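Contents: one structure, followed by commentary.
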Amino acid sequence: MASATLRRRLHHGDVDGRKYERYDATDSESLSEPLLGSSEPLLGNSSTDNNSRDGYNEERTLEDIWEEERKRQQVHWTLIFSQLIAQWAQWIAKVVFGSGSLFGRFLFLPTFGQTGAGGRLLPPPLSMLQEERLRNIKRRIEIPFDGSRMEHQDALRQLWRLAYPQRELPPLKSELWKEMGWQGTDPSTDFRGGGYISLENLIFFAKTYPESFQRLLHKQDGTRAEWEYPFAVAGINISFMLAQMLDLQSGKPSTVAGIRFMAFLEEDEMAFDNLYCIAFQMMDAQWLAKRASYMEFNDVLKSTRAQLERELALDDVSSIRDLPAFNLLYK
């Protein structure tokens with residue numbers, strides 16, 4: 001670029017619509033101040049000085065411009081990088097230490113063990129007590145309901161007395177059983193994959209949380225659908241869903257829900273039955289929220305499982321009573 005051209009741009013540059021003695025900074029939008037400050041040194045104090053120093057000032061102006069621009073560019077980019085580093089530091093601090101951070105939500109995962117093939121978690125070692133109680137639950141799950149066994153018949157009679165303490169006990173085959181939510185006159189035909197443990201779950205529910213049991217049995221909460229879910233058969237489905245969700249039929253539970261459940265089992269031998277009661281109450285709440293009817297029961301059950309898995313994954317849950325849905329049993 002010719003020096004005359006540069007001098008013209010210095011003395012007559014148009015910046016922001018006003019004429020200042022500035023360098024035309026069209027290639028660097030961040031530069032908004034005159035590169036060489038005041039115009040007086042360039043203009044000089046007399047014509048003599050202008051004539052004698054014309055070549056000198058013109059040469060010095062070129063040198064000063066590029067040197068000053070280089071320094072300002074360095075300062076400019078140093079400032080940008082400093083700001084970026086500060087912003088990243090603040091973001092990392094919020095992620096790692098902030099309340100409700102992603103990091104905090106997953107702090108519980110290391111206690112569950114490492115991740116193995118297929119994305120499944122490798123469960124931590126079980127104590128002797130946990131192993132014994134897990135074996136007991138597996139034995140219970142494997143027992144099918146057998147209507148010919150006297151103890152199974154007696155369990156059905158016990159369930160009726162708990163459900164309807166003021167009513168006469170009907171025969172094991174009777175239309176009256178439909179009132180409890182069995183699909184036919186013979187309850188033994190409804191167990192199928194649920195097994196005997198599902199009947200034990202219903203009895204435990206009726207004995208341990210009688211008020212909640214009665215509310216669900218008689219559909220006392222909320223605005224109900226005209227075609228309601230059958231209470232007893234719903235209970236069988238919940239038992240089956242829980243066994244699958246907790247991965248209880250494998251060697252060791254390796255899902256997040258299953259591993260968390262094993263921690264519960266250390267403190268509570270009846271953890272499965274207590275979780276069943278919570279799941280039943282949760283299912284009814286989902287039913288009411290969705291305004292569901294009989295044909296939508298499977299969708300409601302899936303939603304119940306998803307909600308229960310979320311609660312079991314909460315990092316501040318260390319027992320059954322810590323689950324948010326536990327309070328539904330005492331509303």
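The values are calculated or read from the model by the stated rules, or taken from the named source; none is laboratory data. Note that the structure is a prediction, hence the values are computed from the model and not measured. Neighbour counts are summed over all protein chains in view; Cβ atoms, including those assigned to glycine, are modelled from backbone coordinates with ideal geometry. To get the accessible areas, we keep the full protein, side chains included, count just its heavy atoms, and leave off ligands, DNA and RNA. Shrake-Rupley method; radii C 1.70, N 1.55, O 1.52, S 1.80 Å.
Which listed residue (Trp227, Leu308, Leu288) has the Cα farthest towards the positive end of the charge dipole for region 182-331, taking +1 on Lys and Arg C-beta and -1 on Asp and Glu C-beta about the Cα centre?
Positive-most Cα among the choices belongs to Trp227.
So how far, in whole Å, is the C-alpha centre of region 247-301 from the one of region 219-239?
Using only Cα atoms to place each centre, the spacing works out to 16 Å.
Cα convex hull of region 246-306: how many Å³ per residue?
92
At 1.4 Å probe size, with the rest of the protein present, what percent of the exposed accessible area of region 182-331 is carbon and sulfur atoms?
Within region 182-331, the accessible surface is 48 percent carbon and sulfur.
Would you please classify the overall shape of region 176-221 from the alpha carbon gyration tensor, given that a ≥ b ≥ c denote the square roots of the eigenvalues, rounded means a/c under 1.5, and beyond that prolate means a/b larger than b/c while oblate covers the rest?
Oblate, because a/c is 1.5 or more while a/b does not exceed b/c.
Could you pull out the GluC sites (Glu not before Pro) across region 245-298 that fall in loop regions by DSSP (anything but H, G, I, E, B) with no more than 16 other Cβ atoms inside 10 Å?
Sites meeting the loop and neighbour criteria: Glu269.
Taking only protein heavy atoms and a 1.4 Å probe, what accessible area per residue, in Å², does region 211-331 have with all protein chains in place?
44
Could you compute how much accessible surface Val233 exposes when probed at 1.4 Å, giving the result in Å² to the nearest 10?
The accessible area comes out at roughly 10 Å².
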